[in-house]
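Engineer: Have a look at this one.
The values are calculated or read from the model by the stated rules, or taken from the named source; none is laboratory data. Everything quoted here is computed from the prediction, not taken from an experiment. Neighbour counts run over all protein chains shown; Cβ positions are idealised from the backbone, glycine included. Only protein heavy atoms, including side chains, enter the accessible area calculation; ligands, DNA and RNA are left aside. Shrake-Rupley method; radii C 1.70, N 1.55, O 1.52, S 1.80 Å.
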Amino acid sequence: MKRKYILLLVVFGMLLYANTIKNSYVWDDILFIKEGNFIKNFSNSWVIFSPKNYFKYTQDFTYRPLPFLYIMANYKIWNTNPIWHRLGNISLHIINGILIFLLISFILKNEFIAFLSGLFFMLHPVNTEVVNMISFNETQISTLFFLLSFLLYLKSKKYFTVSSFVDNAKCSHTEVAAATEESLSKSETLHCIQGDGKTGYHANFFVLSIISYFLGVFSKETAITLPAIIILYDFIFDKVKLKKYLPFFAVALFYLIIRFFVFRLPTESMIKYPGNSFLINILTILKNVPEYLSVIFVPINLKAEYKLSIPHSISDLNVILGIILILFCITALIYSYRKSKIMFFSLSWILITFIPTSNIFPMQTIVAERYLYLPLIGFCVTFAVFIEKLKKPYNIIIAIFIVIFLTVNVFIRNNDWKDEVSFYTKIFKQVPDSPGANVNMALVYESNKNYEKALELINYAIKLDPDNSDAKNALAFVYKDNEQFDKALELYQKIVDMRQYQYYRTPFINMGIIYKLRKQYDKAIENFNKEIEINPLSSVAYAHLAEIYEIQGNFDFANQFYVKSAEINPDDYVPLNAVGIICGSRGQFDKALKYFNRALKIKQDVAEIHCNIATVYFLTFRYGEAIKELEKSLEIDPNYEKARYLLSEITKKKNYK
């Protein structure tokens, strides 16, 4: 029966997100995957051991090395094809659903509750953000290792009391003997032993549990709460013995040292509490409670960005509502401890696992649906236990209703992640007074050359938040793209002077481009070098430098920087094509063909590359091969003049073969 449940979870998971497979990259996926050069070479992985270079190379804000290695492996296999990256994310989500099923099944020996727990988790619309955003896979990976570590810890126990698992029930001596004999015969860990049975450990499972925990915390910091969950479990169902937890504490301490003293982004200390006050932060957390509970119980109109107004007193209605809900949760915890140990455990799970993302420690984003991924497991188990206690067939009917409701809302929400236009348009409609929403929508208009509308939205964003660095960068970018270079340079210089830029979006690359267009090459080179100093993997900066040196006739430098650009970004055919042209101009025809063919492997529908190959064949008197390449070039672009001219020149030759 267990295999059937697992198969059902797999089928549900794949069907649920089938309408996302062909979605394009949006939001952070563009930065970290589509345009992110760090993942494109395994040779870059050395930086995960370098505090000096990690943030420069990854462009990330937090030390989370394992998810980057995972994306690197995916890129090595699938390149930047979003279909396979999405299938990977969906698979992670399904695996987590299966682990929940195995974990709850192991604890309760009730596969129906376990199945509902895993199914509700997989179907809940609040998880669509994590599943649709490939670069948010750190949440899924850390949860995977969190669950795996917990399950392995439980399996490492040879014996533990099960009478505590059965609410308000006791096993007779006959039942104990029968349960013990049956469990031993099946080589299972959970046994029904009445009284104070000794708890032992299977060394292999225990070591694997520690390793999984280590991998979990270095995927995302939320996994650090696992020792608290394990202690809670033992407190409720077994016995608390501090010696058992020392390895987990050691891993947690090691992680905290690495995270806060070795790999810490300097600008992280600039993140402050709302209102720069811990008291106001507590009020903010309380105000967020109704928001989070609403998306759990009524998961409609979900958002990628939440507009947050900071409360300044306890009289704020949402703060009062938050306090009432917290008191209700505390009451429910006390009641469940007396009536149902598993309910107490699952409710406590919610509170414990939510602490790291509650903003108790200041975070850049205060409210986000992805923060509920791990805590949601507790809710799903609670719902499953509650439904199982209902009379048949009402429990089945209610379960089916919940499944249908969740599934429909997931399908609807998935459409919002279809592409950049759909994604940013949805956010803008939901939070029109958000500076970020206005900036992102403005860039959509900018990409369509609607500069007037783009400027209108960016200026409104600056009006909403005069210190918003993204808005100022976007304004300068629109000026630059609209060829208002003086305005762009003036604003970029102000941004530089005030250091209002991030690793991933510096003004230097665009300042360099403007100076290059103006043929002020010395200033352009200066800015491109500043970009490389901040972002060593800026293939664009290297390519622009190469173009400048090529214009100046310094072909050795040009060749060097084109090659460097191609090494950093193996998906870009332009520098390879440029190196081929330089080699061809020097009579190095074999090398030229080598680089042209490499460029062609990356992008086969570029008329210029085929024409350049034909040129080499023409210069080496291989006219027949040249004609074939020119025909391909003209098939791609019938009006490509260079190809038409070269073809006419070849036809004038009477003795070609």
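Residue-wise test of (1) in contact with a Gly (Cβ under 9 Å, 6 or more places away or on another chain); (2) of a type outside the set (Ser, Thr, Tyr); (3) within 28 Å of MET441 (Cβ to Cβ); (4) without any contact (Cβ under 8 Å) to a residue 60 or more places away in the chain.
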| site | (1), (2), (3), (4) |
| --- | --- |
| LEU7 | no, yes, no, yes |
| VAL10 | yes, yes, no, no |
| MET14 | no, yes, no, no |
| TYR17 | no, no, yes, no |
| TRP27 | no, yes, yes, no |
| LEU31 | no, yes, yes, no |
| GLY36 | no, yes, yes, yes |
| PHE49 | no, yes, no, yes |
| LYS52 | no, yes, no, yes |
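Engineer: Residue under question is SER447, and the condition is that it be over 23 Å from THR128 (Cβ atoms) and either aromatic (Phe, Trp, Tyr) or surrounded by fewer than 17 Cβ atoms within 10 Å (Cβ to Cβ) (or both); does it hold? I'd like the intermediate steps shown before the answer.
Structural biologist: Working: over 23 Å from THR128 (Cβ atoms): yes; either aromatic (Phe, Trp, Tyr) or surrounded by fewer than 17 Cβ atoms within 10 Å (Cβ to Cβ) (or both): yes.
Yes: the conditions hold for SER447.
Engineer: Separate question: Looking only at the range 602-652, how many residues end up being part of a helix (DSSP H, G or I), more than 23 Å from ALA566 (Cβ to Cβ) and of a type in the set (Val, Ile, Thr)?
Structural biologist: Of the residues in the range 602-652, 3 are part of a helix (DSSP H, G or I), more than 23 Å from ALA566 (Cβ to Cβ) and of a type in the set (Val, Ile, Thr).
Engineer: From the list LEU15, LEU66, LEU9, LEU31, which residue is in a helix (DSSP H, G or I) and open to solvent by less than 30 Å² (accessible area, probe 1.4 Å)? Show your work before the answer.
Structural biologist: Numbers: LEU15 fails: open to solvent by less than 30 Å² (accessible area, probe 1.4 Å); LEU66 fails: open to solvent by less than 30 Å² (accessible area, probe 1.4 Å); LEU31 fails: open to solvent by less than 30 Å² (accessible area, probe 1.4 Å).
Of LEU15, LEU66, LEU9, LEU31, the one residue that is in a helix (DSSP H, G or I) and open to solvent by less than 30 Å² (accessible area, probe 1.4 Å) is LEU9.
Engineer: Would you check if there is a residue in the range 557-566 being surrounded by fewer than 22 Cβ atoms within 10 Å (Cβ to Cβ), closer than 28 Å to TYR501 by Cβ, within 30 Å of the chain's Cα centre (by Cα) and of a type in the set (S, T, N, Q)?
Structural biologist: No, the range 557-566 contains no residue that is surrounded by fewer than 22 Cβ atoms within 10 Å (Cβ to Cβ), closer than 28 Å to TYR501 by Cβ, within 30 Å of the chain's Cα centre (by Cα) and of a type in the set (S, T, N, Q).
Engineer: Just the residues that are outside any helix (DSSP H, G or I) and of a type in the set (Lys, Arg), please, taken from the range 255-293.
Structural biologist: Initially, the range 255-293 is screened for residues outside any helix (DSSP H, G or I), giving 263-265, 271-273, 277.
Listed by number, the residues that qualify are ARG264, LYS272.
Engineer: So which residues in the range 484-501 are open to solvent by 50 Å² or more (accessible area, probe 1.4 Å) and at pLDDT 90 or above?
Structural biologist: Taking the range 484-501 first, the residues open to solvent by 50 Å² or more (accessible area, probe 1.4 Å) are 484, 486-487, 490, 493-494, 497-499.
Across the range 484-501, the qualifying residues are GLN484, ASP486, LYS487, GLU490, GLN493, LYS494.
Engineer: Checking the structure you have, find out if any residue of the range 72-88 is closer than 28 Å to PHE263 by Cβ, over 16 Å from the mean Cα position of the chain (by Cα) and open to solvent by 20 Å² or more (accessible area, probe 1.4 Å).
Structural biologist: Residues of the range 72-88 that are closer than 28 Å to PHE263 by Cβ, as a first pass: 72-77, 80, 85, 88.
Now narrow it down to the ones that are over 16 Å from the mean Cα position of the chain (by Cα): 76-77.
Those still in the list that are open to solvent by 20 Å² or more (accessible area, probe 1.4 Å) too: 76-77.
Yes, some residue in the range 72-88 is closer than 28 Å to PHE263 by Cβ, over 16 Å from the mean Cα position of the chain (by Cα) and open to solvent by 20 Å² or more (accessible area, probe 1.4 Å).
Engineer: Moving on. If you check every pair at least six apart or on different chains, which have Cβ atoms under 7 Å apart with a residue in the range 335-346 that is of a type in the set (Gly, Ala, Ser) first and a residue that is open to solvent by 10 Å² or more (accessible area, probe 1.4 Å) second?
Structural biologist: Sorted first by the residue in the range 335-346, then by its partner, the pairs are SER336/MET343; SER336/PHE344; SER336/LEU347; SER340/ASP167; SER346/THR382.
Engineer: So, in the range 295-337, how many residues would count as being open to solvent by 70 Å² or more (accessible area, probe 1.4 Å), within 27 Å of PRO125 (Cα to Cα), assigned to a loop (DSSP other than H, G, I, E, B) and among the aliphatic types (A, V, I, L, M)?
Structural biologist: 2
Engineer: Which residues, taken from the range 203-245, are in contact with a helix residue (DSSP H, G or I) (Cβ under 7 Å, 6 or more places away or on another chain), open to solvent by 20 Å² or more (accessible area, probe 1.4 Å) and over 28 Å from TYR63 (Cβ atoms)?
Structural biologist: Across the range 203-245, the qualifying residues are PHE205, VAL240.
Engineer: In addition: If you check ILE513, ILE509, ILE525, ILE427, which single one turns out to be part of a helix (DSSP H, G or I), more than 29 Å from the chain's Cα centre (by Cα) and either closer than 18 Å to TYR306 by Cα or touching a residue at least 24 places away in the same chain (Cβ under 8 Å) (or both)? Full working, then the answer.
Structural biologist: Values: ILE509 fails: more than 29 Å from the chain's Cα centre (by Cα); ILE525 fails: either closer than 18 Å to TYR306 by Cα or touching a residue at least 24 places away in the same chain (Cβ under 8 Å) (or both); ILE427 fails: more than 29 Å from the chain's Cα centre (by Cα).
Of the residues listed, the single one that is part of a helix (DSSP H, G or I), more than 29 Å from the chain's Cα centre (by Cα) and either closer than 18 Å to TYR306 by Cα or touching a residue at least 24 places away in the same chain (Cβ under 8 Å) (or both) is ILE513.
Engineer: What about ILE350, is it among the β-branched types (Val, Ile, Thr) and assigned to a loop (DSSP other than H, G, I, E, B)? Show your work before the answer.
Structural biologist: Details: among the β-branched types (Val, Ile, Thr): yes; assigned to a loop (DSSP other than H, G, I, E, B): no.
Against the criterion (among the β-branched types (Val, Ile, Thr) and assigned to a loop (DSSP other than H, G, I, E, B)), ILE350 does not qualify.
Engineer: Among the listed residues SER149, SER117, SER91, identify the single one that is open to solvent by 10 Å² or more (accessible area, probe 1.4 Å), among the polar types (S, T, N, Q) and part of a helix (DSSP H, G or I).
Structural biologist: On the way: SER149 fails: open to solvent by 10 Å² or more (accessible area, probe 1.4 Å); SER117 fails: open to solvent by 10 Å² or more (accessible area, probe 1.4 Å).
Being open to solvent by 10 Å² or more (accessible area, probe 1.4 Å), among the polar types (S, T, N, Q) and part of a helix (DSSP H, G or I) holds for just one of SER149, SER117, SER91, which is SER91.
Engineer: Can you list residue pairs whose Cβ atoms sit under 7 Å apart, with the first residue in the range 534-561 being assigned to a helix (DSSP H, G or I) and among the hydroxyl-bearing types (Ser, Thr, Tyr) and the second being modelled with pLDDT of 90 or more and open to solvent by 30 Å² or more (accessible area, probe 1.4 Å)? Count only pairs 6 or more apart in sequence or on different chains.
Structural biologist: Pairs that qualify, where the first residue is assigned to a helix (DSSP H, G or I) and among the hydroxyl-bearing types (Ser, Thr, Tyr) and the partner is modelled with pLDDT of 90 or more and open to solvent by 30 Å² or more (accessible area, probe 1.4 Å), are SER539/ASP572; TYR542/PHE561; TYR542/LYS564; TYR549/PHE557; TYR549/PHE561.
Engineer: Sticking with this one: Given the criteria within 30 Å of PRO266 (Cα to Cα), open to solvent by 20 Å² or more (accessible area, probe 1.4 Å), basic (Lys, Arg) and modelled with pLDDT under 95, does LYS56 qualify? Before the answer, list the steps.
Structural biologist: Details: within 30 Å of PRO266 (Cα to Cα): yes; open to solvent by 20 Å² or more (accessible area, probe 1.4 Å): yes; basic (Lys, Arg): yes; modelled with pLDDT under 95: yes.
The answer is yes for LYS56.
Engineer: On to the next question. Kindly indicate whether LYS487 is without any contact (Cβ under 8 Å) to a residue 12 or more places away in the chain and either basic (Lys, Arg) or in contact with a strand residue (DSSP E or B) (Cβ under 8 Å, 6 or more places away or on another chain) (or both).
Structural biologist: Details: without any contact (Cβ under 8 Å) to a residue 12 or more places away in the chain: yes; either basic (Lys, Arg) or in contact with a strand residue (DSSP E or B) (Cβ under 8 Å, 6 or more places away or on another chain) (or both): yes.
Answer is yes for this residue.
Engineer: A further question follows. Taking the range 219-254, which residues are assigned to a helix (DSSP H, G or I) and at pLDDT below 90? Full working, then the answer.
Structural biologist: Let us first name the residues in the range 219-254 that are assigned to a helix (DSSP H, G or I), namely 221-237, 242-254.
PHE237, LEU242, LYS243, LYS244, listed by residue number.
Engineer: Just checking, which of PHE383, PHE379, PHE405 is closer than 22 Å to TYR306 by Cβ, assigned to a helix (DSSP H, G or I) and out of contact with any Pro (no Cβ under 7 Å at 6 or more places or on another chain)?
Structural biologist: PHE379
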